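K.L.:
Below you will find the structure I want to go over with you.
The values are calculated or read from the model by the stated rules, or taken from the named source; none is laboratory data. Owing to the predicted nature of the structure, the values given are computational and were not obtained by experimental measurement. Cβ atoms come from the backbone with ideal geometry, glycine included; neighbour counts cover every protein chain shown. Remember, those area values only see protein heavy atoms, side chains included, never the ligands or the DNA or RNA. Shrake-Rupley method; radii C 1.70, N 1.55, O 1.52, S 1.80 Å.
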Amino acid sequence: MTIIVTGGAGFIGSNFVYLQLKEHPEDRIICLDKLTYAGNLSTLQEAMEHPNFRFIKADIADRAAVEQLFEQEHPDIVVNFAAESHVDRSIENPGIFLQTNIMGTQVLMDACRKYGIQRYHQVSTDEVYGDLPLDRPDLFFTEDTPIHTSSPYSSSKAGADLLVLAYYRTFGLPVSITRCSNNYGPYHFPEKLIPLMISRALADEALPVYGKGENVRDWLYVEDHCKAIDLVMRKGRAGEVYNVGGHNERTNLEVVKTILKELGKPESLITFVTDRPGHDMRYAIDPTKIHSELGWLPETKFEDGIRQTIQWYLDNKKWWQDIISGEYQNYFDQYYRQKGRVDQ
Ligand SMILES: NC(=O)c1ccc[n+]([C@@H]2O[C@H](COP(=O)([O-])OP(=O)(O)OC[C@H]3O[C@@H](n4cnc5c(N)ncnc54)[C@H](O)[C@@H]3O)[C@@H](O)[C@H]2O)c1
């Protein structure tokens, strides 16, 4: 099978590439990524050594580049991780979120229609459901929860989801969607909560926490998410949405305190800062459907996953320090293009 993985140089996409190469080494994996600020080619260094892996630097919204790739590779599956993904950035500049997250999705699905495909899989987020009140711990998002977005980011993801389902209904394109809660684990870009707090705590810098740190997120270890996507894109029903989450709800403050405790750093590093506009209060996923239909269950408990993640950041300081210094953006030029190992 040939699988195009878009956004594979980002956090979840790169973990997915490694899972595929490990669990399905017979499949050919083509990573298409624009290498925005969030894409880091050094993350894929090991994958580059694999004979069944190819990297292409391109924009998912570039129709000519996408069609050329389909003509060359005749993919069986396309799984779309490529997105602008940071809520704070979407508040600063919504336009690029609509361009990549909605228009890019359209270009990919048009190519799937034109060249034929077994499955187009859209990686989406629980943020499309909006948020839940803190005083109703009995409420969870199911696949039937209405779309009710808060930020330009979640609105762009919701717009893409609606388009994906419309392509199923209107054109019969075999699509599926997973909507997952917050991920954590290796290769997480250091602007996001958990890696940001780890890197700042290690440098004894203040840890900025929005509001009172009461916002609740349902944390899932990234490998568990990748396994869920793998199951759905290969065995899930076409035209269906599957929620993915691990019943691992924690307030942001609890997460930050856990990190400080694991690193042996004082809680006095915590600094509360003005809340993000429109900040969602609580996300909580009901994963009954993916469990009952496909047998998926999360394998990593939060306590174990966060310890493994902290250890990974301790063992891979160069990876995130190069990001903080901006050095990672030279990686493409310095290494891969010189060796002629990537297409552009
Ligand atoms: N991080 C989470 O907790 C989480 C949770 C649920 C769903 N998601 C979804 O999962 C997907 C991946 O998230 P992530 O956290 O790995 O994101 P990320 O920001 O780490 O990575 C995004 C990747 O997409 C690439 N990209 C961006 N625009 C592109 C374009 N126009 N063309 C080609 N490539 C482009 C970037 O270079 C980067 O490699 C996103 O669709 C996101 O909405 C993320």
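K.L.:
If you go through segment 1-60, how many residues are in contact (Cβ under 8 Å) with a residue 40 or more places away in the chain, basic (Lys, Arg) and either away from the ligand (no atom under 13 Å from the Cβ) or not in a loop (DSSP other than H, G, I, E, B) (or both)?
P.N.:
Within segment 1-60, residues that are in contact (Cβ under 8 Å) with a residue 40 or more places away in the chain, basic (Lys, Arg) and either away from the ligand (no atom under 13 Å from the Cβ) or not in a loop (DSSP other than H, G, I, E, B) (or both) number 3.
K.L.:
Also, I was wondering about something else. Name the single residue that is farthest from Glu92 (Cα to Cα) among those in segment 262-313 being hydroxyl-bearing (Ser, Thr, Tyr) and open to solvent by less than 40 Å² (accessible area, probe 1.4 Å). Spell out how you get there, then give the answer.
P.N.:
First, pick out the residues of segment 262-313 that are hydroxyl-bearing (Ser, Thr, Tyr): 268, 271, 274, 283, 288, 292, 300, 309, 313.
Cutting the leftovers down to open to solvent by less than 40 Å² (accessible area, probe 1.4 Å) gives us 283, 300, 309, 313.
Working: Tyr283: 23, Thr300: 35, Thr309: 29, Tyr313: 28 Å.
Among them, the one singled out is Thr300.
K.L.:
Tell me whether segment 114-134 contains one or more residues that are closer than 22 Å to Asn183 by Cβ, more than 17 Å from the chain's Cα centre (by Cα), within 11 Å of the ligand (Cβ to nearest atom) and modelled with pLDDT of 95 or more.
P.N.:
There is no residue in segment 114-134 that is closer than 22 Å to Asn183 by Cβ, more than 17 Å from the chain's Cα centre (by Cα), within 11 Å of the ligand (Cβ to nearest atom) and modelled with pLDDT of 95 or more.
K.L.:
Something else now. What helices (runs of 4 or more DSSP H), lying completely within segment 286-332, carry at least 2 residues that are more than 30 Å from Asp131 (Cα to Cα)? Let's see the steps before the verdict.
P.N.:
Details: elements: 288-294, 302-315, 317-325.
Once the helices (runs of 4 or more DSSP H) in segment 286-332 are filtered for at least 2 residues that are more than 30 Å from Asp131 (Cα to Cα), what remains is 302-315, 317-325.
K.L.:
Check segment 137-144 and report whether any residue there is open to solvent by less than 20 Å² (accessible area, probe 1.4 Å), modelled with pLDDT of 95 or more, within 16 Å of the ligand (Cβ to nearest atom) and outside any helix (DSSP H, G or I).
P.N.:
Kept after step one, since they are open to solvent by less than 20 Å² (accessible area, probe 1.4 Å), are these residues of segment 137-144: 141.
Now narrow it down to the ones that are modelled with pLDDT of 95 or more: 141.
Those left that are additionally within 16 Å of the ligand (Cβ to nearest atom): 141.
So of that shortlist, the ones also outside any helix (DSSP H, G or I) come out as 141.
Yes; the residues of segment 137-144 include at least one that is open to solvent by less than 20 Å² (accessible area, probe 1.4 Å), modelled with pLDDT of 95 or more, within 16 Å of the ligand (Cβ to nearest atom) and outside any helix (DSSP H, G or I).
K.L.:
All but one of (1) in a loop (DSSP other than H, G, I, E, B); (2) modelled with pLDDT of 95 or more; (3) open to solvent by 60 Å² or more (accessible area, probe 1.4 Å) hold for Ala64, so report the exception by its number.
P.N.:
Failing condition for Ala64: (1).
Conditions tested, residue by residue: (1) of a type in the set (S, T, N, Q); (2) out of contact with any strand residue (DSSP E or B) (no Cβ under 8 Å at 6 or more places or on another chain).
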residue: Gln68; (1), (2): yes, yes
residue: Gln72; (1), (2): yes, yes
residue: Ser85; (1), (2): yes, yes
residue: Leu108; (1), (2): no, no
residue: Cys112; (1), (2): no, no
residue: Gln122; (1), (2): yes, no
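Each row is one residue, and each column tells you yes or no for (1) closer than 21 Å to Trp319 by Cα; (2) buried (at least 17 other Cβ atoms within 10 Å of the Cβ); (3) modelled with pLDDT of 95 or more.
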site	(1), (2), (3)
Ile147	no, no, yes
Ser155	no, yes, yes
Ala158	no, yes, yes
Gly185	yes, yes, yes
Glu191	yes, no, no
Leu196	yes, yes, no
Pro208	no, no, no
Leu220	no, yes, yes
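K.L.:
Confirm whether Ile91 is in contact with a helix residue (DSSP H, G or I) (Cβ under 8 Å, 6 or more places away or on another chain) and either away from the ligand (no atom under 14 Å from the Cβ) or open to solvent by 20 Å² or more (accessible area, probe 1.4 Å) (or both). Don't jump to the end; show me each part of the working.
P.N.:
Details: in contact with a helix residue (DSSP H, G or I) (Cβ under 8 Å, 6 or more places away or on another chain): yes; either away from the ligand (no atom under 14 Å from the Cβ) or open to solvent by 20 Å² or more (accessible area, probe 1.4 Å) (or both): yes.
When the stated conditions are applied, Ile91 passes them.
K.L.:
While we're looking at this one, here's another question. Among the numbered criteria (1) more than 9 Å from the ligand (Cβ to nearest atom); (2) farther than 19 Å from Met281 by Cα; (3) open to solvent by 10 Å² or more (accessible area, probe 1.4 Å); (4) free of Cβ contacts under 8 Å to residues at least 60 places away in the same chain, which one does Ile96 miss?
P.N.:
(1)
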